[in-house]
Amino acid sequence: MRKTLAVLGTVLTTAAQAHDGSHKLAGEHPVEEKSLSESVWDLMIPPADAAATITVEGAYRYIHANGYPIKAPGQFPNSGNPNRISKKNYQLRVPVNPKKTGRATPTGPAVFGIAVNGVVMDPGTAEFWQNDRRSGWNYEAMGGACRLGLDKFNAHVQPDGTYHYHGIPTGVLASEGGKSVPALLGYAADGFPIYGPYGYSDPKRPSAMTKLKSSYVIRSGTRPDGPGGSYDGKFTQDWTYAEGRGDLDHCNGRFAVTPEYPKGTYQYVLTDTFPFIPRCWMGTPDRSFMRLKGRGGPGGRPGPQAGGPPPQGGGLFGQRPGAGQGPGFGPGQGSGRGPRAGGPGGHSPCSGT
């Protein structure tokens, strides 16, 4: 059986405006450059391109996308982000019937998933306290300490031109609704669906809608080293998983029914508090997503699988493991700023503790 969903939109950034980054994502396929006459024609009549085509064939869901959002993104470059959006050609796949492995696989620096509009979800950053990744204190893109040029859709651009989300893709959510019925926003690399922050209050049946709450909380006390000061959510390590404090598990997911899955499915939920976009998978991520950043970007390969659910009070992010970054945790390219040329102590878009 073959089913296809094509998401159409107008591309407002032409080839004449965009440029490739310093390196290409390994999982992309080359896109032919347009001639000058074609680019001039595009300036007069913007083309209506398919932002994403999602096709089900056999055991897999194939996702072909150019990485552009349907709704016009914010202005890039901007004062917090020096990069231009460049067109992509993603060729990705995920299993139609994903299986939970019984353990959490931290995403590390890998891309978590992709929205239905063809824009990837990449929550991590490359920003560390005093620009020193060895410090073990990684800034959160949504933590308020960094000027990373995020637009109103919680997205910005990496040095290679990749437009990507750090939080709830508000443009997609607005298109999908989300308060009357759960809104399907995309698919994670392991194939499980990604939903917006509202879900059924009774996960076993269609019922009153409620805003789902993450089970991560800010740690109490003060940081033992590095930036010091009280934990306040500016760093990933400020957060800890507290089982039962919210509606979701340590991968920000739960099992529930939805319009697309009337019998229920494990699903990830995007929230407006940490982790915003999940930082681990409950299934096995497809290799097509792993190849998007080669061996996982500057931080190396995506880390090994964690041995089951993290302990209460600790979690995947609650303890600051130092230079090793803990199981599977490492810097990514999610910030959009790229590696620091100046090394530790150099210029940073982040300020304060």
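The values are calculated or read from the model by the stated rules, or taken from the named source; none is laboratory data. Here the structure is a predicted model, which is why all the values come from computation and not from measurement. Cβ sites come from the backbone with ideal geometry, for glycine too, and all protein chains shown count toward neighbours. SASA here: full protein model, heavy atoms, side chains in, ligands and nucleic acids out. Shrake-Rupley method; radii C 1.70, N 1.55, O 1.52, S 1.80 Å.
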*asked:* I'd like to check something: does the range 120-140 contain any residue that is closer than 25 Å to TYR90 by Cβ, surrounded by fewer than 24 Cβ atoms within 10 Å (Cβ to Cβ) and under 16 Å from the mean Cα position of the chain (by Cα)?
replied: no
*Among the residues of the range 128-147, count how many are within 22 Å of LEU270 (Cα to Cα) and in contact with a strand residue (DSSP E or B) (Cβ under 6 Å, 6 or more places away or on another chain).*
4
*Are any residues in the range 78-106 surrounded by fewer than 20 Cβ atoms within 10 Å (Cβ to Cβ) and among the hydroxyl-bearing types (Ser, Thr, Tyr), and if so, which ones?*
SER79, THR101
*If you check PRO109 against the conditions, is it touching a Pro at 6+ places or on another chain (Cβ under 7 Å), open to solvent by less than 30 Å² (accessible area, probe 1.4 Å), in a loop (DSSP other than H, G, I, E, B) and farther than 15 Å from VAL157 by Cβ?*
yes
_Options ARG205, ARG219, ARG223: the member that is of a type in the set (Lys, Arg), open to solvent by less than 50 Å² (accessible area, probe 1.4 Å) and either under 20 Å from the mean Cα position of the chain (by Cα) or modelled with pLDDT of 95 or more (or both)_ = ARG223
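Results for (1) touching a helix residue (DSSP H, G or I) at 6+ places or on another chain (Cβ under 8 Å); (2) small (Gly, Ala, Ser); (3) over 27 Å from TYR60 (Cα atoms), shown as yes or no for each residue.
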{"residue": "MET209", "(1), (2), (3)": "no, no, yes"}
{"residue": "GLY233", "(1), (2), (3)": "no, yes, yes"}
{"residue": "TRP239", "(1), (2), (3)": "yes, no, yes"}
{"residue": "ASP249", "(1), (2), (3)": "no, no, no"}
{"residue": "GLY253", "(1), (2), (3)": "no, yes, no"}
{"residue": "TYR261", "(1), (2), (3)": "no, no, no"}
{"residue": "ASP272", "(1), (2), (3)": "no, no, yes"}
{"residue": "GLY283", "(1), (2), (3)": "no, yes, no"}
*Please give the strands (runs of 3 or more DSSP E) falling wholly within the range 238-280 in which 1 or more residues are of a type in the set (Gly, Ala, Ser).*
253-256
_Cβ-Cβ under 6 Å pairs, at least 6 apart or on other chains, the range 63-87 side in a loop (DSSP other than H, G, I, E, B), far side open to solvent by 30 Å² or more (accessible area, probe 1.4 Å) and polar (S, T, N, Q)_ = ILE85/THR13
*Those residues that are more than 16 Å from LYS87 (Cα to Cα) and among the aromatic types (Phe, Trp, Tyr), I need them from the range 137-164; list them, please.*
TRP137, TYR139, PHE153
*Considering only residues that are modelled with pLDDT of 90 or more and charged (D, E, K, R), look in the range 51-74 and name the one that is most open to solvent (accessible area, probe 1.4 Å).*
GLU57
*In the range 239-255, how many are in contact (Cβ under 8 Å) with a residue 60 or more places away in the chain and touching a Phe, Trp or Tyr at 6+ places or on another chain (Cβ under 6 Å)?*
4
